[in-house]
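A.B. asks: Below you'll find the structure I mean.
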Amino acid sequence: MYARVSKSLIRTLALAFVALMPVALAAQDSAKPAAMATAEDSASKWDIFLGYSYLAPQGTVTWVGRGGGTHTNTFTAINYGSIYSAARYFDKYVGAQLEVDEHIVNEYPSGAVNGSTSSYDDFSGGSAGLIFRYPSDNVTLFAHALVGVEYAGGIWQPDTFGPVLTVGGGMDFNTPLFDHHLAIRVFQADYQYTHEDFYPYGRGNFNMPRLSAGLVYHIGSFAPPPPVTLACSASPATIFPGDPVTVTATAGNLDPKLNVVYSWTGVPGLKGDGTTASLDSAATGSLAAGSYTVNCGVKEGRPGKEGLRPWESAAATASFTVKAFEPPTISCSSSPSIIKPGETSIVTAMGMSPQNRPLTYSYMAASGTISGTGASATFNSTGAATGAAAITCNITDDKGQTATAATSVTIAPPPPPPGPPAEQVRLEARLALHSVFFPTAQPRASKPEGGLVASQQATLATLATDFKSYLTYKPDAHLTLSGHCDVRGSVEYNQALSERRVARTKQFLVEQGVPEAKIETLGLGKDQELTADQVKELVEQNPDLSDVERARVLRDLNVIVLAQNRRVDVVLSTTGQESVRLYPFNAADSLTLIQEKSTTPRKKAAAAKK
């Protein structure tokens, strides 16, 4: 019965220790929040330790039994136990500690009574004392000295209470878990001395090394709370006389359990209520134009207890500007902005007074007429000349301040008569074809139907097709064919040769369906021959030649000048546009056109040689 009561007392102490945890947690909750700094700067106010403990009792109990024999009991080491402690620090280094431990081996002996080792040992106790620590960022070293009671007993001795002294120390490793609230107690090494009177069996003095390890939970902090902050703003930041203003204060780092007082000064008529202050219309109506500053203040503390906790305060300012009355502004536009003679356009004016004063509108037009007195008017272009008609929009407020804006309405002239059909324009562009080129001395008088190579026939076939279509739009149109020769023939020879060339060209067009009456011919002989400079310019402007080809052609410029003059030009009568004189260098039969000598039948060449 006595043993059960004694053990119940030890367990009650342990439960009391555990009950300290919510008290410590509540202490932390009531603390003013502060930003976590280093472990040294934010040393905890409470340390709660729970861990494993090893105890090695050194000592024996000897007594004389009822039969007269001497008995000795030696206590065994206890390899498992539990330990709890709570420390409340007065500052970063010194605190008070309450500690409870329990070491019990609950096994029955298996040897003789005299000199045997007990297998039912019990050392549990509670102590209190001072603890000293040295905190750093990662490691905290500590030492403590405690005094208390030890509840001890064995298989041969009844459990009893005795005094116990404890001295020792250890090391905690701080971790970032739970915002640096959790640490690992790497070790706690203690020496304990206890004296136990196991009446009526005997007495025992025990020197007991104790090793412990476990987890430490840090609660609270000695880091100073962050200072109270204050920010103020005025809305609106710019007003006119008679407009209200509201100033708002926003305080930071306040403790919700303390009283807060706000103050407002700096501008006459300012009325503050808690976190806001205001200037009503009457107060701002008496303010001159300029900038004004409101002084905002906040104090935090406990009324009547300034000696226990000084009031903390912060100050800030907010500014607003009172503007002088400004003249109105106006903008105006017309829709539609382009009209025909005799049509109307709506002119819209948009006026604005910074002080919302009543506004009056009026309008003027440089030509035509305009009517309207509100925000819109109607412009009538009857009688106005074509072109832009200037319109002036005017606005006046009730204080006589004015503003003007301008817009215009364009009176468009009558549309021009419709142009030629698109197909006609396209055909006129296509009829500006290349001139037609002939080989040397072709066509001959003996064979006037010759001389047109394949590439030049294709050019004339396209010309015939387009010209026949063009006649549906311009029935009176006709073509003029002008024949040319190179410089080597006589006047009479070249004149006849140029006439044969235009005749052959006309014949081919007629064969393609072009009415003969729509073709005029003109043989120019040696007149209007192209010079070397003119031919060189045509070669340089020829888009069908690459740079390499153009350089090769210009090396034989004399030959090209002769070939360029063996041609028939085409002129369209309705436009006067002459065919382009681009030589067909890239045609498959271009060498036939370029060669200087005339090709003759074999038998005539042999006769000439003989």
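A.B. asks: When only C-alpha pairs under 8 Å and at least 6 residues apart count, what is the relative contact order of the chain, in percent?
C.D. replies: 8
A.B. asks: Counting only residues 5 or more places away or on other chains, whose amide H sits under 5 Å from the amide H of ARG444 once H atoms are built in the peptide plane?
C.D. replies: It is GLY450, by chain and number.
A.B. asks: Assuming R0 = 41 Å, what is the FRET efficiency of LEU130 and TRP311, from their Cβ-Cβ distance, to the nearest 0.05?
C.D. replies: 0.75
A.B. asks: Whole-Hz Karplus ³J(HN,Hα) for region 318-325, in order, using 6.51 cos²θ - 1.76 cosθ + 1.60 and θ = phi - 60°, x for Gly and Pro?
C.D. replies: For region 318-325, the Karplus-derived couplings read 9, 10, 9, 10, 9, 9, 6, 4 Hz, x marking Gly and Pro.
A.B. asks: Please give the contour-minus-distance gain from VAL186 to GLU343: 0.36 nm per residue of separation, less the Cα-Cα distance, rounded to one decimal in nm.
C.D. replies: Stretched out fully, the VAL186 to GLU343 stretch lengthens by 46.6 nm.
A.B. asks: Right, next: Amide H to amide H under 5 Å from GLU343: which residues, 5+ apart in sequence or cross-chain, H placed 1.01 Å off N in plane?
C.D. replies: SER381
A.B. asks: Just need the relative contact order of region 329-411 here, percent rounded to a whole number, with Cα pairs under 8 Å and 6+ apart.
C.D. replies: Here the relative contact order equals 36 percent.
A.B. asks: Can you list, by residue number, the Cys in the chain that have no neighbouring cysteine C-beta under 4.7 Å?
C.D. replies: That list is CYS485.
A.B. asks: Going by alpha carbons, how many degrees (0 to 90, nearest 10) lie between the helix axis of 454-470 and the longest principal axis of the chain?
C.D. replies: The angle comes out at about 90 degrees.
A.B. asks: Is it possible to state the helix-based mean residue ellipticity at 222 nm for the chain, with each DSSP H run of 4+ residues giving -39500 (n - 2.57), the sum divided by total residues, to the nearest 500 deg cm²/dmol? What is it?
C.D. replies: Counting only the DSSP helices, I get -6500 deg cm²/dmol.
A.B. asks: With the convex hull built on the Cα atoms of region 398-524, state its orientation-averaged projected area in nm².
C.D. replies: Reported value for the Cα convex hull: 15.3 nm².
A.B. asks: So, in nm, how far is label GLN541 from label THR392 when the simple model puts each one 7 Å beyond its Cα toward the Cβ?
C.D. replies: 5.6
A.B. asks: Taking H as built 1.01 Å from N, whose amide H comes closer than 5 Å to the amide H of GLY266, not counting residues under 5 places away?
C.D. replies: Under 5 Å from the amide H of GLY266: ASN295.
A.B. asks: I need to check one value: relative contact order of region 440-525, counting alpha carbon pairs closer than 8 Å and at least 6 residues apart, in percent.
C.D. replies: So the answer I get is 39 percent.
A.B. asks: What are the ³J(HN,Hα) values, in whole Hz, obtained from phi via the Karplus relation 6.51 cos²θ - 1.76 cosθ + 1.60 with θ = phi - 60°, for each residue of region 516-524 in sequence order, with x given for Gly and Pro?
C.D. replies: Each residue's phi maps through the Karplus curve to give 4, 5, 8, 10, 10, 10, 8, x, 9 Hz.
A.B. asks: Let me ask something else about it. Select one label from (1) 464; (2) 217; (3) 237: the one whose number is volume of the Cα convex hull per residue in Å³ as derived from the coordinates shown.
C.D. replies: Among (1) 464; (2) 217; (3) 237, the one calculated here is (1).
A.B. asks: Show me 155-167, 327-339 ranked by packing, highest mean number of other Cβ atoms within 10 Å first.
C.D. replies: 155-167, 327-339
A.B. asks: Additional query: Mind ranking 215-223, 254-262 by how tightly packed they are, going by the mean number of other C-beta atoms within 10 angstrom, highest first?
C.D. replies: Packing proxy ranking, top to bottom: 215-223, 254-262.
A.B. asks: Along region 145-162, what does the Karplus equation 6.51 cos²θ - 1.76 cosθ + 1.60 (θ = phi - 60°) give for ³J(HN,Hα), rounded to whole Hz, x for Gly and Pro?
C.D. replies: Values, residue by residue: 9, 10, 9, x, 10, 10, 9, 10, x, x, 5, 9, 10, x, 5, 8, 9, x Hz.
Where a number appears in this text, it was derived from the coordinates with a stated rule and is not lab data. Treat the numbers as computed from the prediction; the structure is a model and nothing was measured. FYI the Cβ positions are ideal-geometry reconstructions off the backbone, even for glycines, and counts take in every protein chain you see.
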